[in-house]
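Below: the structure, in structure tokens.
The values are calculated or read from the model by the stated rules, or taken from the named source; none is laboratory data. On a predicted model such as this, the values are computed, not experimentally measured, just so you know. Using ideal geometry, Cβ is built from the backbone for each residue, glycine included, and neighbour counts are taken over all protein chains shown. Ligands, DNA and RNA are excluded from the accessible area calculation, which covers all protein heavy atoms including side chains. Shrake-Rupley method; radii C 1.70, N 1.55, O 1.52, S 1.80 Å.
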Amino acid sequence: MLRQIHHPRIDVKSGGDRCCCIPKFSVRFPLRGYATRLLSILTTVIVVIDLSVVNAQNRRMLIEGNVQVDGFVLSSSSTYRILRSDSTIAASATPYSSSAKLFAIRISNADGFAEGDRILFRVVVSKRDSFIARTLGPGLTFRGTDAPESPPVYTVNLFRNHPPSFRRTIPDTGISEMQPLRYRVIASDLDADTVRYELVQAPSETSINPLSGLVTWTPSYDDAGIQRFVVEASD
């Protein structure tokens, strides 16, 4: 998800020792077989529990992808990173074709994914350039299987995501106390993604419509002075 920030300014006018006894016991031969069988049962139970934990940690899925990068050249040193929903890196892969646009990578819930978690992608073109990729259609989510050799294969097409750009912003201006301010900010997205608006910084009682970008605010007598607004547009 990419963002762009706009920030105009509005000028509003006017213990003891212990001893213990450890007794000694001797086990006669007739009990030895019973003890051995009991130990065998306990060992079996422990092994079964351990295997169930291992199986629960190995739900896998295979992702194969194709990358389309406008105006940039991918190379064998390019890297494709699988990100968790919080944007931390879960796994990485390098191209497997001469065109450097194809990759394949296996992930599992041991990489920090639960069933249904959203999967994000970052394409590292070079040391100086990387971007969070966008996909066509619904985003990819984790869908694992217990099969060790043949996890389900999911194919994704990754594209460079362009940040939205503001076409209309709130100008620096002056208003009077108790004078309502209504102004609509407008941003467009080159990829035709839906743009959402959010107030990052603004006086109290300010609101913004997340889809239309309409900002409304009525300054009180306590708001006299210069007020700062920060509006963020994201796709």
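For this structure, a couple of remarks:
- Scaled radius of gyration (Cα, divided by 2.2 N^0.38 Å) that segment 71-124 gives: 1.21
- Accessible-area rank, largest first, for Tyr154, Tyr80, Tyr96, Tyr221: Tyr221, Tyr96, Tyr154, Tyr80, with all protein chains present and a 1.4 angstrom probe.
- Centroid-to-centroid, using Cα positions, segment 194-235 and segment 79-107 are 38 Å apart.
- Cα gyration tensor shape for segment 83-226, rounded if a/c is under 1.5, else prolate or oblate: prolate
- Solvent-accessible heavy-atom area per residue, rounded to whole Å², over segment 155-235 at 1.4 Å: 54 Å²
- Between Leu83 and Ala90, Leu120, Phe121, Arg122, the built amide H atoms are under 5 Å apart, and every one of these is 5 or more places off in sequence or on another chain.
- Residue-wise HN-Hα couplings along segment 187-194, as the Karplus relation 6.51 cos²θ - 1.76 cosθ + 1.60 with θ = phi - 60° gives them from phi, are 10, 10, 10, 5, 8, 6, 7, 5 Hz; Gly and Pro carry x.
- Positive-end residue of Ser176, Asn157, Ile186, charge dipole of segment 151-190 with Cβ unit charges: Asn157
- Here segment 141-235 is treated as an ellipsoid with the same Cα gyration tensor; its semi-axes, largest first and in whole Å, are 43, 16, 9.
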